[in-house]
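The next block holds one structure in the form of structure tokens; read it before the comments.
The values are calculated or read from the model by the stated rules, or taken from the named source; none is laboratory data. Because the structure is a prediction, the values reported are computed rather than measured. Every residue, glycine as well, gets a Cβ built from its backbone with ideal geometry; the counts of neighbours run over all protein chains shown. Surface accessibility is based on the protein's heavy atoms, side chains included, excluding ligands, DNA and RNA. Shrake-Rupley method; radii C 1.70, N 1.55, O 1.52, S 1.80 Å.
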Amino acid sequence: RRAKSILRTSSFTALYDKGYHTGSEFHIADQLGINTLVAIPAIGRKSQAPNPDYNAEYFIYNSNDDTYTCPQGKQLTSNGTRYKGRNYTFKQYKTKACKECPVRDQCTRAKTNGKVIQRSQFTQNIQNNAQRVYKNESLYKKRQALVEHPYGTLKRQWGFDHIMTKKGIKAASADLGLMMLAYNLKRILKLIKQKKLCFTNVKTAINHLEMQLALILNCFYAPKNHFQKILTPR
């Protein structure tokens with residue numbers, strides 16, 4: 001919502017890591033008309049079928065009659081009851097055909113009821129995201145290259161592997177904001193030196209940015225001379 005208000009459009013794609021893989025958030029994004037590409041987390045061991053070919057993702061949902069069709073062609077139905085999960089509700093789908101199924105041992109570990117598929121009100125939104133991820137794998141790899149690298153520089157090269165201020169979210173956000181600002185200024189300096197961006201006087205622009213960077217870094221508490229290392233010319 002915030003990105004849409006800032007950009008004043010919903011014609012963009014939002015890319016996130018698997019920590020943001022949440023059905024309710026996909027639902028909001030779909031309502032706003034914003035495409036998402038969120039990494040898909042691995043299926044938990046308890047949710048895995050003995051044979052991965054019989055995982056729930058390979059059961060086809062039929063929206064017309066609200067049923068599922070399993071890889072063996074059998075139909076799973078629901079009694080229509082909605083059960084409450086932690087942050088969602090869901091229906092269960094199953095079939096009596098499991099009792100006589102020749103591949104039951106490959107499909108489920110359940111000894112009594114057979115295979116049970118759960119479908120929440122956000123399942124379709126989750127599947128929509130999955131389809132976009134599979135169709136745009138190269139685009140998601142760009143997210144990893146662009147987003148992960150700055151954090152690696154801050155944590156590994158500069159030594160900021162934790163938030164130094166521990167007085168609430170506002171103070172911690174200020175710490176991180178200054179780190180990011182310093183990173184951006186260093187990046188600008190590098191681009192100017194490498195590509196000689198168009199300034200009336202490149203040398204003056206570089207000197208000005210270096211002064212701003214020094215002022216920002218002096219605002220930090222700098223254990224083990226981290227900032228001196230950052231400012232040292234290479």
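Some values worked out for this structure:
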read-out	value
Under 18 Å from Lys193, Cα to Cα: aspartates and glutamates that are on another chain or at least 8 residues apart	Glu210
Two-site label geometry, Leu181 and Leu7: point separation in nm, points 7 Å out along Cα→Cβ	2.6
Filter on Lys96/Lys135; Lys4/Lys141; Lys4/Lys94; Lys141/Lys167; Lys142/Lys186; Lys111/Lys141 - keep pairs with C-alpha separation over 32 Å	Lys96/Lys135; Lys4/Lys94; Lys141/Lys167; Lys111/Lys141
Whole-Å semi-axes of the ellipsoid equivalent to the range 39-122 (Cα gyration tensor, √5λ, descending)	20, 17, 13
Ranked by how many other beta carbons lie within 10 Å on average, peptides 84-90, 185-191 from highest	185-191, 84-90
Order by protection proxy (mean Cβ within 10 Å, highest first), peptides 94-106, 55-67	94-106, 55-67
Nonlocal amide H pairs with Asn55, under 5 Å, H built at 1.01 Å	Ala49
Packing rank of 71-77, 124-130, where each peptide gets the mean count of other beta carbons within 10 Å, highest leading	124-130, 71-77
Whole-percent carbon and sulfur share, accessible surface of the range 42-159, 1.4 Å	47
HN-Hα J in Hz across the range 168-173 - Karplus 6.51, -1.76, 1.60, θ = phi - 60°, x for Gly and Pro	x, 5, 5, 5, 5, 5
